[in-house]
Amino acid sequence: MTDEVFGGYGGQYVPEALMPAIEELEEAYERYLDDDEFVEEFERRLGDYGGRPTPLYHAPTTSERIGADVYLKREDLLHGGAHKLNNALGQALLAKKMDKDRVIAETGAGQHGTATAMAAAALDLECEIYMGEKDIQRQQPNVFRMRLMGAEVVPVDAGSGTLKDAINETLRDWATNVEDTHYVIGSVVGPHPFPSMVRDLQAVIGRETRRQIQERAGRLPDSVVACAGGGSNTMGAFHAFRDDEDVELYAVEAGGSGLDIEDDRAPHSASLNVGEEGVLHGARTRLLQDEDGQILESHSLSAGLDYSGVGPELAYLVDTGRVEPRTADDTEALEAFHQLSREEGIIPALESAHAVALLEKEDDLGDVVVVNLSGRGDKDLDTVMQESALADDGSMLREEGDR
Amino acid sequence: MIELPEEPALITYFTAGHPRDVDVADVIEAFERGGADVVEVGLPFSEPIADGPTIQNAITEALDGGMTPDRYFEAVASADVDVPLVCMTYYNLILQRGVDDFVADCKEAGIEGVIVPDLPVEESDELHEACRRHDVDLVFIVAPTTTDERVERIVDRVSGFLYVQARLGTTGAREDVSGETYEALDGLRGYEVPKAVGFGVSEPEHASEIVEGGADGVVAGSVFVDGLERDGVEFVEEKARELKQGAVEGGDS
């Protein structure tokens with residue numbers, strides 16, 4: 001597994017101080033992810049603590065309107081409200097095995113921070129979460145959740161105060177405290193072995209889906225759709241299907257407010273769609289950057305997709321044509337957010353709403369479609385209230401949230 | 001190629017483009033007057049993961065002020081000095097310019113070495129090859145966590161000098177010299193390549209102690225970045241002189 005090269009993407013572009021820890025992690029990853037006892041404990045905890053398996057739900061109203069059988073993989077029902085726990089719990093267990101008693105993590109939307117705080121509390125690890133100032137503002141409930149579970153939340157005001165800057169700061173912490181600290185990276189990004197390891201920990205999503213859809217529909221789906229920021233729910237949903245050539249895989253990135261680049265900002269987060277090859281946060285991958293190689297600030301209404309890079313394996317799968325990159329912009333995602341809430345009684349995370357939005361945009365998804373509903377939308381209510389005409393009706397709710 | 005003097009060396013760092021109103025060549029020339037033996041000129045990258053707050057802020061200001069690789073090479077080339085220059089930057093800027101073109105541009109601008117803090121020896125084949133082609137040194141960092149096995153690999157590929165990271169963490173001025181520094185120097189005693197210790201060096205006493213501990217030189221950065229902003233190039237010259245003096249005294253004792 002260590003020799004996995006994603007067509008020139010990937011690698012280990014990190015300061016020398018971190019290399020020994022990364023080598024140690026590689027060893028632990030290879031040893032424990034194939035170790036029956038470890039896997040058994042991981043699965044048991046994902047079951048009785050996390051609530052796996054998550055359901056695969058046939059969405060009746062959406063299906064009827066679209067004219068296809070639409071199934072939602074309900075990662076929103078995983079403990080914590082997003083797929084992030086799969087990875088955080090796995091890495092926290094690995095940290096224990098490596099005798100590290102402190103875990104740190106970056107977070108964008110706060111979902112990965114929350115998942116890491118949960119796993120750390122459950123496994124009795126010290127926990128510190130780095131989060132951009134801007135994200136702290138737009139994800140207050142998650143900040144409070146993390147603190148409730150005993151994690152320290154450290155605001156990062158460098159750069160744009162979003163996910164990319166939080167990763168920089170977490171890497172700096174790791175380089176300082178590497179001897180007793182494990183960095184629970186939140187997506188399929190970063191230096192090897194993180195992209196492969198996080199994918200393997202998230203692959204449970206696709207394994208369950210593959211089994212469930214065969215039980216429900218009697219066959220494999222024509223397409224699997226997932227949103228992509230860094231790409232952990234994407235790779236998790238896709239991995240079990242990668243050799244099923246008849247199953248189309250769609251990665252939906254945040255189109256933000258438009259795909260053109262202005263000044264130093266990309267008003268989107270579509271690195272798979274329009275990014276160029278470069279090195280960021282330890283890996284060679286596709287990035288939003290200017291011609292000199294300076295990283296551009298990304299944008300998305302959803303904090304969890306607001307990232308200038310993407311997982312190296314996903315970049316590779318797009319290059320080879322196995323994964324189709326698409327975008328949904330802020331407006332389309334908001335519409336999908338409202339529509340799914342109204343039609344199915346399921347409030348999706350704004351991130352997942354990008355995947356749902358593809359149902360309205362893409363004509364040839366086929367007769368049986370799986371959408372990975374990577375998280376629930378409770379954390380986004382504030383953002384949505386500000387963005388939509390519901391603002392007036394929701395004023396009372398907003399006061400409640402601010403308290 | 002970089003050649004360190006017989007006596008203990010002073011290697012200095014600043015970020016090109018910070019402060020905005022200070023000319024890059026003026027800073028380099030002030031370092032030379034102050035007795036620096038090598039000057040590292042930082043080429044700012046938007047995601048400086050190995051740098052502490054002082055240099056991060058300098059980088060942000062330099063980028064906001066419009067510093068680019070093109071302007072960097074032009075500014076460095078205009079410095080009228082004999083002191084060897086080293087380019088310190090992150091790998092993505094090298095990659096986007098084209099690895100060979102980048103090193104060729106370094107050479108053309110009078111730069112004799114390159115340090116890339118996010119490029120471990122495993123990923124350095126292409127840059128190493130380009131440096132060899134253009135007779136430019138490739139400096140590597142050895143950290144307190146670096147294992148003996150990794151030291152072998154690094155020493156095998158390093159040229160110019162070995163940058164010994166005095167402590168874990170990021171760059172930035174500190175109050176004292178860490179015990180890790182002496183341990184690291186002891187571990188490296190058997191290797192011939194010159195060893196320069198950086199990360200946290202800000203006072204002449206640090207320089208003396210580090211040289212007494214077996215280093216061939218010291219590297220100081222954040223203290224200059226900070227001082228440049230406060231007091232301009234006069235500070236640089238004066239502080240370089242003090243640190244060089246400290247290093248030399250460490251060698252005498």
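No value in this document is a laboratory result; all are computed from the given coordinates. The shown structure was predicted, so the numbers you read here are calculated from the model rather than taken from an experiment. Every residue, glycine as well, gets a Cβ built from its backbone with ideal geometry; the counts of neighbours run over all protein chains shown.
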Under the rule of -39500 (n - 2.57) per DSSP H run of 4 or more residues, summed and divided by the residues of chain A, what mean residue ellipticity at 222 nm is obtained, to the nearest 500 deg cm²/dmol?
-> -13000 deg cm²/dmol
Vicinal HN-Hα couplings computed from phi for region A:293-306 (Karplus, 6.51 cos²θ - 1.76 cosθ + 1.60; Hz; Gly/Pro x) | x, 6, 6, 8, 5, 8, 9, 7, 4, 9, 4, x, 9, 7
Given H placed on each backbone N at 1.01 Å, which residues far from residue A:280 in sequence or on other chains put an amide H within less than 5 Å of it?
-> A:285
Gap in Å between the Cα centre of region A:254-320 and the Cα centre of region B:42-63?
-> 21 Å
For region A:245-290, whose charge dipole is built from +1 on Lys and Arg Cβ atoms and -1 on Asp and Glu Cβ atoms, the candidate among A:272, A:255, A:289 with its Cα farthest towards the positive end is A:289
Förster radius 25 Å - calculated FRET efficiency between residue A:176 and residue A:144 (Cβ-Cβ, nearest 0.05) = 0.40
Between residue B:71 and residue A:290, the two model label points (7 Å from Cα along the beta-carbon direction) sit apart by a distance in nm of 0.9 nm
For region B:9-252, the charge dipole (Cβ of Lys, Arg +1; Cβ of Asp, Glu -1; about the Cα centre) points to a positive end, and the Cα of B:99, B:236, B:185 closest to that extreme belongs to B:99
Which residue, A:313, A:248, A:23, has the most motion in a Gaussian network model of chain A that connects Cα atoms within less than 10 Å?
-> A:23
Would you please give the residues with an amide H less than 5 Å from that of residue A:248, counting only those at least 5 places away or on a separate chain, with H modeled from the backbone geometry?
-> A:223, A:224
Which residue fluctuates the most in chain B, going by a Gaussian network model with Cα springs under 10 Å, if the choices are B:198, B:42, B:190?
-> B:190
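Counting DSSP beta bridges with both partners in region B:9-252, what percentage is antiparallel, nearest 5? Walk me through the numbers before you get to the answer.
Values: 0 of 29 bridges.
The antiparallel fraction comes to roughly 0 percent.
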When chain A is treated as a Gaussian network with springs between alpha carbons less than 10 Å apart, the largest mean-square fluctuation among A:62, A:114, A:285 is found at A:62
By a straight-distance test (C-alpha under 28 Å), which lysines pair with residue A:97 as possible cross-link partners, with residues fewer than eight away in the same chain excluded?
-> A:84
Sorted by Cβ neighbour density within 10 Å, fewest at the top, the residues A:56, A:259, A:280 | A:259, A:56, A:280
Tabulate in residue order the Karplus-calculated ³J(HN,Hα) for region A:119-127, using 6.51 cos²θ - 1.76 cosθ + 1.60 with θ = phi - 60°, rounded to whole Hz; enter x for Gly and Pro.
-> 4, 5, 5, 5, 10, 6, 10, 6, 9
Mind listing the long-range amide H neighbours of residue B:88? Cut-off is under 5 Å, sequence gap 5 or more, other chains count too, H placed in the peptide plane at 1.01 Å from N.
-> B:41, B:42, B:43, B:115
Give me the distance in nm between label points sitting 7 Å out from Cα along the Cα-to-Cβ direction at residue A:101 and residue B:20, one decimal.
-> 4.8 nm
Of all DSSP beta bridges located in chain A, what percent are antiparallel, nearest 5?
-> 30 percent
If each K or R counts +1 and each D or E counts -1, the residues other than residue A:353 whose Cβ falls under 9 Å of its Cβ total -4
At 7 Å along the Cα-to-beta-carbon direction for both residue B:100 and residue A:388, put a label point, then send me their distance in nm to one decimal.
-> 5.6 nm
Lys, Arg +1 and Asp, Glu -1 on Cβ, resulting dipole of chain A about Cα centre, debye, nearest 20 | 1040 debye
Check the straight Cα-Cα distances from residue A:73 and name the aspartates and glutamates below 12 Å, setting aside those fewer than 8 residues away within the same chain.
-> A:208
Sorted by Cβ density within 10 Å, fewest first, the residues A:300, A:271, A:196 | A:196, A:300, A:271
Lysines near residue B:195 by alpha-carbon distance under 27 Å, same-chain residues fewer than 8 away left out - which ones?
-> B:107, B:239, B:244
